[in-house]
Structure formats: structure tokens, C-alpha cells
Amino acid sequence: MINFGGVNLKLRIIILMLGMTTLMPGICFADDAADSTLLHRIWNYRRNFSQPVNGLQQNVYMRYSFSTERRNVLLFLVPTMYVLAKGDRDYIGESYCKLKFRDIYDYDQQRQVVCGTIPRNRTAMPAMLEYITPNLYNETLYPEHLLSPFHQTNRRCYRYQVNIAKGGLSVVHFRPRMNNTQLVSGSAVIDTETGRVQFVQFDGEFDMLRFQVTALMDKENLHTPLPEKCTSEATFKFLGNEIKASFTAVFNCPTTLPDSINNLKDRQLMEQLRPVPLTQDDLDIYNDYDSRRLQEQKADTVAVDSTQAGRHNWIKEIGWDLIGDNLINGHRSKSGPVAVRISPLLNPLYLGYSHSRGISYKARFGLRYSWNTHRFLTLNPQLGYNFKQEQFYYKVPLRMTYNPNRNGYAEIIWANGNHISNGVLTDDMKKKFGPDIDVPDYKDRYLHISNNVIGPDWMEITTGVIHHQRLSTNRRMMRELGMPDKFMSFGPLITLKFFPWKEGPTLTANFEHSFKNVLKSNLNYERWELDAVYKCDLKSLRYLNARVGSGFYTKRSSNYFVDFINFRDNNLPSDWEDEWSGQFQLLSSRMYNASNYYFRTHISYDSPLLILNRLPLAGRFIETERLYFSTLSIEHTKPYFELGYGFKNRLFSTGIFTSLLGTKIQDFECKFTIEIFRRW
């Protein structure tokens, strides 16, 4: 039972009494004039009264508990759940934090005092943390998910029932017009005069969690969107495992601790700081934990001396935990100016599949060294492997940031690209040596050195040099046939990025020139590319993505392997946002560098309520759907088109694509990437 004390009891009585009036004559529905007036006051409250939280600092007490109803060995595969997959079935944790807000979703958290029964006070189920700060008056209750019933653009998604009461309060009940995972149902106590939400409770199901949130809004700072107290309870079910979790946060606590107190493990101090008492269930968890710890200490004392006991506990509790935990969970650590980030060794989020390119896997790492807040060095290597092509990919960017306010940095990138082929070379060899010849691909390795800075507020400038080395995968064969087995290029690269409109498209102009006979370069060319990218927010999690681009050569000494920057193949599929909207999915690799020019267009439309989402059962699981349309024009071929449909749910993203050359269907393919636990 969620408990906010006497205030909560009064609010519950108000909701109950007003709910009973629904059986009486004179009931008001949202279609009535008075009810519409109240709803508009709610929708306009943020504009008329609500104040931003940027710069606000608060002391916040958090309490979280976990109860394992059922578990099996598969729970070890869930990120951040390793600690719950073994050992005790009930855990509790507490923290006293200092939060510095930039936005209601974006804040710096300093954990000052911690305690609990979770080993080493590790974080479990961090996805629950965002549920303690619902942004009621925003389009979404939480970042990029769950449409808020208190925002006007979402009114078409909800049905409302309003009960006008005396004493200046009203109760609004809301429920979805359709069964959809992006919608919630519940009720709220509203200040009738201003439309301010004083108390709200809602429930829903999203991203493997069935949740219920209850929030009492701040009654001292009436115009802040932050709650005074918030409790979120959730049930997580996965392949026979069932975990119940409860998170409670109390904001604006009166005691301010010195900044020097950081991550202090002290339960006695927490007893003094705790603004709300523990429940009996919480006390039982602590008492059971203390009792078992005392018994274990006595057993270790009798069995072995203290040195042996310490070594045994280190191996058991830390050694194996570190190995098992980092197989599934990412690792982040910071010591002074050095911060390290390592992706899990077994990470399904970086697994992708397409019919033509097979299975691919990626891993990411991060290292940062900071001199101060304005000077830092980062190394963020990305590694990948395509099993069908048996090709290892790497990209190692070393960046020194010297002016973060102007995105000023110097960078060195060492990487390899996809194995590429060339249509012109293939055609020439088949004409010369016969149609049955197997033309090998070329490996591409490059070194890129650049400097980037925002000049005027509407323009970003990148200057540098780039060196490409393209080697045939069968150099001996190419030499025997008298064909080129190596192509190298070196020259300056300049990119100008324009963003003259705050919410308009981003325009990019790119120029590259390669000098022959410099650093063994055997290519001489000049290449220009123009690109425009625009993401239009259509409200209620609906987006229109558009990308238009063109490239051409003003000088070209060879028709072989002089490729473009913005128009190239990508054999390692990324997540939903990175690549699917602005790339071709079915285009043959030989068409990417077979032309002196290209014109391309990509358009996609995202919506949580499109086709499958309107079905009774599917809507519970499908988060977003997307439509794709792409076109391409290059020399010596007919216009090329791609059409696609895709959707994303809590487990995976999938897309179905078909291509046409002119009016003739060319290919059909399905792509797939893992999405499960991406927010965890």
C-alpha cells in the first residue's frame, strides 16, 4: 500500500466520494462546458503558472526495495539484475542525495549517504529511477515515452471524466481511448481555479514493467512541477522470473549535508536523515539481514582465522561477482580525473541481423581524462564483427576537447570501412576476362585528423586531412591479371555545417581534394557533397524525418574506388535512430561508387499510433511504428526506390523493405536489431 500519511488519506477520501457521485444525477462529463473549462486550465497550467526547475537544488531521500517472487537462472541475463538473481529474495536500499536540476529529467545526482542490504550498495533496476519524477505537464511523462494526459496535444488519446467538488477541488479520471503501451490510466485531484494537479495516481505497462505511480505535488512551492513525495511500484516478469519493486522519493528534505560527504555508508546517520519512517516490511528485511550477518561472522570466526576468512569472502563475494556482473552489465568507474566506460561482454543490444548481410555484433568502450571542465581527452573505440562476411570492424577516435561551449575539439580517427566493390571495375574485368570471373572486394583502412569548432552561432567548421588505403582481398590475383590491387588517396577535407534555424533543418557542405604522389597516393580528385537533415516534431511522439543529399566530382583521375562520405554502405546495423531512417537498406554495394554523382532522398514517419498499435492485443506491446521511403538517382541506371515498414517493441526492432529499379521490384528483405533492456 502506498502511504503518504494523513494527506494521502484525505485525498483518497476525496477521490472515493467524488467517484461515488458518478452514480448520481448531475454527473459531469468532459464534453460539458464546465468540464472543458477545467481541462483547458490543466492543459494551460504550465504556460500560465509553472516555473522551470533549471538551477534548482534539492535534498532528496530515496528508498527502494525488491521482492523476488520467482526466479531462475535466466535472471542472470538481465542487465542490472545480477544482484537479485542470487542470494536473498528481499532487499532494501536507502540513499540521501543532493540533486542539481537542469530539467526535471536532467539533473546531477550526488549520493551523500547510502545504506541497505544490497551488496556494496549496487544499483538494481535503474529504469525505475525515472518514475519518481513524472513531468505531468509535458507531452510525455518520462523522456520520450508515456503520453501525458495533462498535455493538450494528447487529448485525442484519452477519455476524461470530471467531477466538480466544493472546496475548490475537482477529480479528473482519465483512461486511454485504445489499449496502448504509451498510454496510462488513473485519476488526479485538481485545483479547480488554476488547473494545478495536487495529487495524481496512474498505472500502465511499458518496457517489461507493469507499474503504478502515486505522487503528491509540492504544496510549498506551488508552481514547481516537481512532486513533494512520489512512490512507484512495479512488477517485472521475464521468462518465469517475477520481481516486485518499490521506489519512494521525498523531495526538498530540510537537512543539507556538506559537499565533502560523498557516498558515505552509514545507517545510523540515515536514521537521523530519514524523513519518513520505515514500514514493517522494511524493518523485517533489515532485521533478517542483521541476524544473518551476525551468524556468518560467528561461523567464520569458528571455522578459520580472520585472514583466511577475509580471503574466502573476497573470492566469493567480489571475485565471482565482478566476473558475472560485467558479463551482462556495463561498467562505469571514475577515479579522480579518469573515467572508464565498458560495454557488457554479452550485450544483446549490439546484435543485429539482415537477410543479405547476416548477423553482426558490436561493442563500445570509453575512456576519459579531464584536466578541468573545459579540457578533457576521450578515447571511444567501437568494435564489430560480421559473421557472414567474416569481417572485423574497428573505429578508434581519440579526441581532445578544448572548448565544449563551442564544440571545439581536435580528433584523430583510425578505422576500417566495409569491404567494398566497384561496378565499373567489375564490368571492365568481366569484359576482359569473361563473365565467370570472381572479382574480389577491397578492404578500406583510413586515418582522419581533424579540428572542429562552432564559429558563428549558426555554423560549425571541421577542417583536416584524410588518408585512405584500399587493398584488394586477393592482391596476387589482381597483379597476375594486370589489374590494380591498391588504391590510395590523401588530401584535405573541409566540412561546413549550417543550422540557421533553431528547429529547422541542418545543412552540410563537404569538400575533399586528393593529391597524387603524396604519401603514396595514386588518386587525384575533387569531391563535393551537400546534405540536409530535418527532424520535425509533430507532437505526441510523432516525427517526420527527412534527409536530402547530393554529391559529385569536379575532377577524377580514376573511375575505381573514389567513394563518397555521405553515400556509402554500412554493414553493421545500428539501433532504430542511428541508421534506419537515413540509409538505403537493400542497395547493392557495387552501386555506391560506380557513379560520378548521386541524388538521394529519405523520408520516414514515426508514430506510436499508426497501424498495428490500433489492434487490441498488439497495442499493448508495440511502442512505435515507422514508414520508410527512399529514392536514388545515379548515372547509367534507372531511378531506384525503397519502401519499408517497421516497428519497435520492448524486445526488438524490425523492418520489412522492398526495392524497385524503375518500376521493377528488385529485392525484399527483413532487418532486425535487439531492443530489450535498452533503457536499463
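The values are calculated or read from the model by the stated rules, or taken from the named source; none is laboratory data. Nothing here was measured: the structure is a model prediction, and the numbers come from that model. Positions of Cβ are generated from backbone atoms using ideal geometry, with glycine treated the same way; all protein chains shown enter the neighbour counts.
Table for the structure above
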read-out	value
Candidate set: the range 88-110, residues that are among the aliphatic types (A, V, I, L, M) and in contact with a strand residue (DSSP E or B) (Cβ under 7 Å, 6 or more places away or on another chain); chosen: the one farthest from residue 262 (Cα to Cα)	92
Of all residues in the range 119-136 being farther than 18 Å from residue 680 by Cα and surrounded by fewer than 21 Cβ atoms within 10 Å (Cβ to Cβ), the one that is modelled with the highest pLDDT	119
Residue match in the range 109-125 (condition: touching a Pro at 6+ places or on another chain (Cβ under 7 Å) and not in a strand (DSSP E or B))	no
Only listed residue being part of a loop (DSSP other than H, G, I, E, B) and in contact with a Phe, Trp or Tyr (Cβ under 9 Å, 6 or more places away or on another chain), chosen from 131, 105	105
Index of the failed condition, residue 438 passing every other in (1) under 24 Å from residue 385 (Cβ atoms); (2) touching a Leu at 6+ places or on another chain (Cβ under 7 Å)	(2)
All positions within the range 379-419 that are touching a strand residue (DSSP E or B) at 6+ places or on another chain (Cβ under 9 Å) and charged (D, E, K, R)	388, 395, 399, 406, 411
Some residue of the range 631-641 being within 26 Å of the chain's Cα centre (by Cα), closer than 24 Å to residue 352 by Cα and of a type in the set (A, V, I, L, M, F, W, C)	no
Qualifying residue in the range 230-244 (condition: touching a residue at least 12 places away in the same chain (Cβ under 8 Å) and under 15 Å from residue 45 (Cα atoms))	no
Set 462, 426: member being among the hydroxyl-bearing types (Ser, Thr, Tyr) and over 17 Å from residue 589 (Cβ atoms)	462
Count - residues of the range 183-205 that are touching an Asp or Glu at 6+ places or on another chain (Cβ under 8 Å), surrounded by fewer than 23 Cβ atoms within 10 Å (Cβ to Cβ) and either free of Cβ contacts under 8 Å to residues at least 24 places away in the same chain or closer than 17 Å to residue 159 by Cβ (or both)	2
The range 33-67, residues that are part of a helix (DSSP H, G or I), buried (at least 21 other Cβ atoms within 10 Å of the Cβ) and of a type in the set (Phe, Trp, Tyr)	45
Flag if residue 545 is within 25 Å of residue 623 (Cα to Cα), buried (at least 17 other Cβ atoms within 10 Å of the Cβ) and assigned by TED's automatic domain parsing to the domain that holds residue 598	yes
Residues satisfying the stated conditions in the range 401-430, i.e. part of a helix (DSSP H, G or I) and either within 30 Å of residue 377 (Cβ to Cβ) or not assigned by TED's automatic domain parsing to the domain that holds residue 469 (or both)	404, 405, 406
Considering residues of the range 258-273 that are assigned to a loop (DSSP other than H, G, I, E, B) and under 33 Å from the mean Cα position of the chain (by Cα) only, the residue nearest to residue 117 (Cα to Cα)	263
Residue in the range 172-185 that is touching a Ser or Thr at 6+ places or on another chain (Cβ under 9 Å) and small (Gly, Ala, Ser) present	no
Residue, surrounded by the most Cβ atoms within 10 Å (Cβ to Cβ), within the range 139-166, restricted to residues that are within 23 Å of the chain's Cα centre (by Cα), free of Cβ contacts under 8 Å to residues at least 60 places away in the same chain and assigned to a loop (DSSP other than H, G, I, E, B)	148
Selection from the range 510-542 of residues that are among the charged types (D, E, K, R), part of a strand (DSSP E or B) and surrounded by fewer than 16 Cβ atoms within 10 Å (Cβ to Cβ)	526, 537
Filter result for the condition that a residue is part of a helix (DSSP H, G or I) and at pLDDT 65 or above, over 363, 299, 339	299
Members of the range 630-662 found to be outside any strand (DSSP E or B) and either in contact (Cβ under 8 Å) with a residue 60 or more places away in the chain or closer than 30 Å to residue 618 by Cα (or both), listed by number	650, 651
Index of the failed condition, residue 285 passing every other in (1) in a helix (DSSP H, G or I); (2) at positive phi; (3) of a type outside the set (Ser, Thr, Tyr)	(2)
Pick from the range 200-251, criterion assigned to a strand (DSSP E or B) and among the acidic types (Asp, Glu), ranking: nearest to residue 679 (Cα to Cα)	205
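Here is a yes/no grid of residues against (1) aliphatic (A, V, I, L, M); (2) surrounded by 21 or more Cβ atoms within 10 Å (Cβ to Cβ); (3) closer than 18 Å to residue 240 by Cβ; (4) more than 25 Å from the chain's Cα centre (by Cα):
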| site | (1), (2), (3), (4) |
| --- | --- |
| 73 | yes, no, yes, yes |
| 91 | no, yes, no, yes |
| 101 | no, no, no, no |
| 106 | no, no, no, no |
